[in-house]
Amino acid sequence: MAKRQDFVVRFAGEGGQGVVTASEALARIAADVGYHALTFSTFPSQILGGPTWTQARISTTPVLSPGDSVDVLVALNEEAYETHKEDLSEDGVVIYDSSFTPNSSGRMFGMPFDDLAKQAGDIRTANMVMMGALANLVGMPVKFLQDFIVNRYLSRGQAIVDANMKAIAFGVERAASTTFQIGELEPPIKPNYKQAMIRGNDAISIGALAAGLDVYVGYPISPATPILIYMERNLIGSGKFAYQSSSEIESIAAIVGAGYAGKKAMTATAGPGFTLMGEGIGLAWMAEIPCVIVNVQRGGPATGLPTKTEQSDLMTALTPAHGDQLIPIIAPGTVEECYYGGALAINWAERYQGPVVLLSEHSLAERVQNIPKPDLSQIVPEVRATYQGTNGYQRYDGYELSPMPVPGKPGAYVANGSEHDAMGDTTHLPSRHIQMTTRRFSKLKLLEENVYERENTDAPIAVMPWGGSKGPAMEAYERLKAQGTNLAWYYSMRINPLPPKLLEELRKKELVLVPELNYLGQFASFLRSHGVNAQAITQYTGLPFRPKDLVNRIKDAASAASRKAVSV
Amino acid sequence: MTSKNPEYDFKWCPGCGDFGVRRALEFALQDFCSYHERPMNSNVIVAGIGCSGNLVHLVEGEQPYGFHGIHGRTLPIAFGAKMGRPDLNVVVVAGDGDFLSIGLEHVAPQAARNLDVCCVIMDNGVYGLTKGQSSPTTDLGVITSSTPYGKLESDLNPLDYYLSIGVSFIASGYSSKPKDLGKLIQAGMEHKGFSIVHVLSPCTTYNDNYEQLKGNAKKGIEPIIFDVPKEHDIHDREAAHKLVNAAKIPIGVIYQAQGRPTLDQRLEDLRGRVKVRSVQEQLEVFVF
């Protein structure tokens with residue numbers, strides 16, 4: 001029997017039972033020994049209690065989606081077992097906490113996690129009991145776990161190491177006493193480059209800092225809060241400022257104020273906060289002030305699904321304010337792109353002198369993933385063109401970008417959110433509104449970059465996901481390719497403006513299929529507005545796509561299109 | 001940024017109190033700059049939306065920087081500008097509608113932070129630019145276009161409110177005395193911390209109360225403003241409390257807190273206690 005390339009372990013229980021730590025610990029151990037790992041978590045919007053689950057996907061090659069089904073389910077209570085048993089793969093195994101007995105039988109066994117941990121000498125080793133059992137089920141050498149324990153805990157004393165070793169042994173023993181196996185995992189191929197184990201939100205923070213962020217003002221909101229926490233801890237040097245504001249309305253106006261004063265400024269929020277920021281983003285567009293707004297999308301509208309994932313803020317992000325505007329958008333699709341996207345957003349804002357939206361999403365924000373160590377030397381911080389002349393400058397003169405004066409130096413003007421003349425004074429003249437509107441839109445050209453992914457470009461039908469749906473879509477695409485389906489692949493994290501050459505290519509396609517997590521098919525609609533024959537493949541469950549579902553839906557949509565083409 | 005700009009089509013009504021406030025602000029900025037030997041372009045005026053906000057376009061002479069933003073958000077914009085660039089002198093100009101109605105939520109947080117900006121509030125007790133609706137400082141029962149049968153809300157006492165939330169410098173001014181008002185504004189700029197100079201600045205079109213403010217002996221009208229008594233101790237919060245709750249409105253410096261650090265001073269202190277990690281060092285935390 002061929003060895004497995006990957007497996008998925010899901011831990012399900014109550015909030016506060018250590019479910020999150022379990023999957024992260026597994027991911028770290030696996031990555032440490034050379035596997036690729038990616039976690040996915042979803043939890044209720046409360047601190048303790050409520051059904052919580054997280055999972056880790058461990059693979060011999062880089063993976064970008066949570067996968068199709070669950071190979072091992074660790075159920076910490078009956079409700080968790082009942083909820084998740086449907087997601088088990090055919091040969092999946094359930095390990096349940098002995099505090100309950102499932103009312104069905106099959107490939108499952110119970111373990112008293114806490115009792116075994118106590119017997120091992122430390123109640124905190126319950127996770128390691130699970131790990132020992134898991135390692136046995138997938139044929140992962142126990143040595144990996146033992147090495148991890150020694151590396152991690154030896155500095156804290158031999159007693160902790162011994163307790164963890166015992167806990168692992170208990171887990172192995174119990175699993176070995178059953179006859180269940182889910183197939184041995186291929187040995188890891190350790191990457192020959194340096195790696196980082198990092199969450200999407202932290203990657204965004206580091207990317208923005210690498211590009212020279214000076215000022216961060218934000219208000220707590222799931223799932224963007226970790227960015228605020230990161231900045232409060234790290235953005236504290238001379239000339240830097242990080243602050244928790246009193247509202248999102250204050251956040252946006254504050255970063256506009258800082259951007260006006262010559263600083264690189266950013267805020268991060270989620271749907272409800274982003275909606276509140278609308279007017280302020282419009283101000284930054286109108287007055288031509290560089291700033292970055294990170295929107296970590298969750299389910300909406302209103303309070304919506306605070307701790308679930310969705311890609312339903314695209315239309316809002318394009319025009320968050322009233323009036324004519326089209327805000328630049330970067331939507332990272334992987335944790336690695338969160339890093340490069342964070343830096344690019346800061347650079348774009350400086351380059352075109354206006355607001356830029358970085359559109360992330362819950363599944364990326366909370367995901368822990370091993371990625372190649374981000375390369376700081378690849379980030380070249382851009383600085384806005386500043387005015388260096390004498391007083392009497394016409395800051396808003398002409399139909400294109402012009403150097404921006406910095407307070408404290410000659411060139412005083414009024415940055416104005418009302419329509420204005422060249423010096424920034426309010427005016428209602430039609431000729432001025434025409435000039436300024438043209439000027440504001442012309443600057444988008446400065447952000448056109450022909451950077452995008454393309455593959456098998458001769459195929460008449462293409463798949464083009466955006467944002468976090470990139471991972472599942474790519475996996476589905478690879479499987480379809482292996483089956484011999486002729487499809488092209490396109491992807492870009494630059495959503496607005498889209499790379500012009502990409503658009504040229506897309507317009508030539510018979511059909512462009514767009515997997516996206518919303519009801520309206522927002523990106524497909526945006527592509528159609530650019531003359532692309534795009535059709536959305538939507539899902540609005542609050543969860544990411546499963547690759548196997550996408551395989552079927554892409555295949556169905558592609559064959560329906562081909563049939564139509566033949567009958568015409 | 002000059003009244004001679006032909007494209008700029010906004011005008012204050014004849015007799016508007018805001019003319020006097022503009023003059024006072026010009027005096028204050030000039031004196032502040034010459035005293036501290038700093039250039040005019042190191043000052044930033046953040047203006048609200050309403051008649052008062054247009055002040056930023058009407059300043060004569062050497063020009064400070066200006067920001068004419070959106071309704072109610074002068075303080076958050078000033079907050080970002082000041083904390084990004086503590087070297088700038090940041091002045092907020094706004095009206096009673098902008099500052100005390102839509103923007104009220106931003107006042108108390110800045111008082112708690114003791115943000116080092118000076119706010120010049122032009123209170124005419126009415127929404128002028130939208131043609132005469134009631135504002136937080138319109139008296140209870142007054143008939144306006146939006147309260148055709150009389151205002152149902154009690155009027156706000158702004159000075160008492162500022163005192164209650166801990167604003168560290170509070171002054172009360174009158175637009176018809178631009179020289180005196182200029183001195184109050186300059187004192188507000190000199191104050192290290194959050195300062196508000198609240199100015200009675202009548203609207204000749206929708207709420208002409210000049211006569212009530214300064215009185216008219218011939219008609220037997222007693223003035224409702226009075227100068228803060230010389231013996232008033234501006235550091236005495238209790239005395240300030242009595243003063244702002246008097247039957248008439250005091251004009252002068254009401255209150256100044258002593259020894260309260262500003263937000264940028266607090267931040268500087270924090271920097272001394274915390275180790276700053278470079279981006280490279282931060283990244284290493286995640287590397288395995």
Next on the checklist: Could you list B:Val56, B:Val92 so that the one with the fewest beta carbons within 10 Å of its beta carbon is first and the one with the most is last?
Outcome noted: B:Val92, B:Val56
Checklist outcome for this item: Here the net charge surrounding B:Leu243, from other residues whose Cβ is less than 14 Å away from its Cβ (Lys, Arg +1; Asp, Glu -1), is -2
Checklist outcome for this item: So for R0 = 60 Å, FRET eff. of A:Arg152-B:Ala108 from the Cβ-Cβ r, to 0.05, ends up at 0.80
Checklist entry - About its Cα centre, how strong a charge dipole does region A:453-567 have in debye, to the nearest 20, once Lys and Arg get +1 and Asp and Glu get -1 at the Cβ? => result 140
Item to check | Rounded to the nearest 20 debye, dipole of region A:385-447 from Cβ charges on Lys, Arg, Asp, Glu | outcome: 220
Next on the checklist: Could you tell me which residue out of B:Gly50, B:Val167, B:Asn245 lies farthest along the dipole of chain B toward its positive end? Charges go on the beta carbon: Lys and Arg +1, Asp and Glu -1, centred on the Cα centre.
Outcome noted: B:Val167
Item to check | Dipole magnitude (debye, nearest 20) for region A:197-378, charges at Cβ of Lys, Arg, Asp, Glu | outcome: 340
Item to check | Residue among A:Ala203, B:Gln186, A:Phe100 farthest towards the positive dipole end of the protein assembly as shown, charges placed on Cβ | outcome: A:Ala203
Item to check | Label-point gap, in nm, between B:Leu152 and B:Ile165 - each point 7 angstrom along Cα→Cβ | outcome: 2.5
Next on the checklist: Using a 7 Å offset from the Cα along the Cα-to-Cβ direction at both B:Lys219 and A:Gln483, what is the distance between the two label points in nm, to one decimal?
Outcome noted: 8.8
Next on the checklist: Can you compute the FRET efficiency between A:Thr179 and A:Lys373 using 1/(1 + (r/R0)^6), with r the Cβ-Cβ distance and R0 = 35 Å? Round to the nearest 0.05.
Outcome noted: 0.25
Checklist entry - Is it possible to state the helix-based mean residue ellipticity at 222 nm for chain A, with each DSSP H run of 4+ residues giving -39500 (n - 2.57), the sum divided by total residues, to the nearest 500 deg cm²/dmol? What is it? => result -11500 deg cm²/dmol
Checklist entry - So for chain B: antiparallel DSSP bridges make up what percent, rounded to the nearest 5? => result 25
Item to check | Per-pair calculated FRET efficiency, R0 = 45 Å: A:Ile123 and B:Asn245 via Cβ, rounded to 0.05 | outcome: 0.15
Item to check | Percent of beta bridges antiparallel (DSSP, the protein assembly as shown, rounded to nearest 5) | outcome: 35
Next on the checklist: Sort A:Leu446, B:Leu163 by Cβ crowding within 10 Å, fewest neighbours at the top.
Outcome noted: A:Leu446, B:Leu163
Checklist entry - Hey, quick one: spin label on B:Tyr210, modelled 7 Å out along Cα-Cβ, who in region B:1-44 has an amide N within reach, i.e. under 11 Å? => result B:14-17
Next on the checklist: Can you tell me how chain B classifies by the Cα gyration tensor, rounded, prolate or oblate, using a/c under 1.5 as the rounded cut?
Outcome noted: prolate
Checklist entry - If the cut-off is 13 Å between C-alpha atoms, which aspartates and glutamates fall inside it for A:Lys555, apart from same-chain ones fewer than 8 positions away? => result A:Glu478
Next on the checklist: Given the options A:Met436, A:Ser402, A:Val414, identify the residue whose Cα lies farthest towards the positive end of the charge dipole of region A:385-447 (+1 on Cβ of Lys, Arg; -1 on Cβ of Asp, Glu).
Outcome noted: A:Ser402
Next on the checklist: Using Cβ contacts closer than 10 Å as the measure, can you line up B:Cys118, B:Cys203, A:Cys291 from fewest to most?
Outcome noted: B:Cys203, B:Cys118, A:Cys291
Next on the checklist: Can you say what percent of the DSSP beta bridges in region A:453-567, counting only those with both residues inside, are antiparallel? Round to 5.
Outcome noted: 25
Checklist entry - Rounded if a/c is under 1.5, else prolate if a/b beats b/c, else oblate: with a ≥ b ≥ c from the C-alpha gyration tensor eigenvalues square-rooted, which is region A:453-567? => result rounded
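All of the numbers you see were taken from the coordinates with simple rules; none came from a lab. Fair warning: this is a prediction, and the values are worked out from it, not measured in the lab. Glycine also receives a Cβ, built like all others from the backbone with ideal geometry; neighbour counts cover every protein chain displayed.
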